[in-house]
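A short write-up of the structure that comes next.
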């Protein structure tokens, strides 16, 4: 039998897992082969060194804190841990629901925003300005004004509002209109 | 809290949450030390402890079929620790050693062994830890379970859910690598 064969048995010898007859054969070989003996000695020492391997103790109080946290994650929160696979699904469903809600809210804002533009209340300032403006009939005759739901908005004002809605977005509708009216104050007078 | 493990398992399987707390008290140290040996730091070991018990709690219905709870628990813990090791691959934790001298001084002051003995022990533990860190997760786990924790090859095979021949092979390769890395230390002790 070769050294290679005996060395393949060294691990089992170190672990005391060889049948007695085989163990005796390996030991006889080790007694005459210094290379295999060296291999065996190193294996014995490695096992001894590893058996001493220890880790530092955690901070005082760690075990209590750890047990309390496990309790909070399990016994005191059974609903969370008992249906873990559904959590991701629920989260996705929730996100989808919120996205739909946001889309509906945006649509409603646009709808009511357009009603406000068309409403007499929304156009009070414009109307007043137009009625009070002596130049308005001239503007009407040159087809630069349009009648919208009882209010009057000049075409370039409409374009400006549309651009602002696109830029600022629907939640800024009220501000946009107010700001536009203020900014257009001078235009109303010409 | 003096119930036997089978009794705690039976009560836990019947829905007694306090029995689960008893199992946590009894086994959290075992899981922590094993995880620390595998991962080399407190934070990861702590994470393994929490996750292991949360997973055990989720799988409580399977416990009635478990014949060896310790093996089952260690399997859950090592599986999670191996996942962490694979995620951490390439992220060496040697940087943590930067503060070693200061920590060593504090520990030296707290313990009974002579400072020289403690220092040598600390250095040895770091050498072993670094050597173990070079091993791939399965080899590291096999070496730790067998040579450090003292499980038999059959038990390691059960824990890691692999054939015993695989355990033998992994253990042989791991020891060979460790002997090469710790050659200086193993020769010095001759």
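Any read-out appearing in this document is the output of simple, stated calculations on the displayed coordinates, not a laboratory observation. Here the structure is a predicted model, which is why all the values come from computation and not from measurement. Backbone-built Cβ (ideal geometry, glycine too); neighbour counts: all protein chains shown.
Region B:46-82 and region B:144-160 have their alpha-carbon centroids 16 Å apart. Among A:21, A:100, a tally of other beta-carbon atoms within 10 Å of each Cβ gives an order, fewest to most, of A:21, A:100. Inter-chain neighbour count for A:69-77: the average number of beta-carbon atoms from partner chains within 10 Å of each residue's beta-carbon is 6. Packing here is the average count of other Cβ atoms within 10 Å per residue, and on that basis the peptides B:138-145, B:29-36, highest first, run B:138-145, B:29-36. Averaged over the residues of peptide B:51-60, the number of Cβ atoms from other protein chains lying within 10 Å of each residue's Cβ is 4. Cβ crowding within 10 Å, taken as a proxy for footprinting-reagent exposure, orders B:44, A:41 from fewest neighbours to most as A:41, B:44.
For region B:122-141 versus region A:1-76, the spacing of their alpha-carbon centroids is 13 Å. Here the translational diffusion coefficient of region B:134-190 follows from Stokes-Einstein with Rh set to the Kirkwood radius across Cα pairs; for 4 °C and 1.567 mPa s it amounts to 111 µm²/s.
Per residue of B:171-177, other chain Cβ atoms within 10 Å of the residue Cβ number 3 on average. With neighbour counts taken as other beta-carbon atoms within 10 Å, the residues B:73, A:20, B:124 rank, fewest first, as A:20, B:124, B:73.
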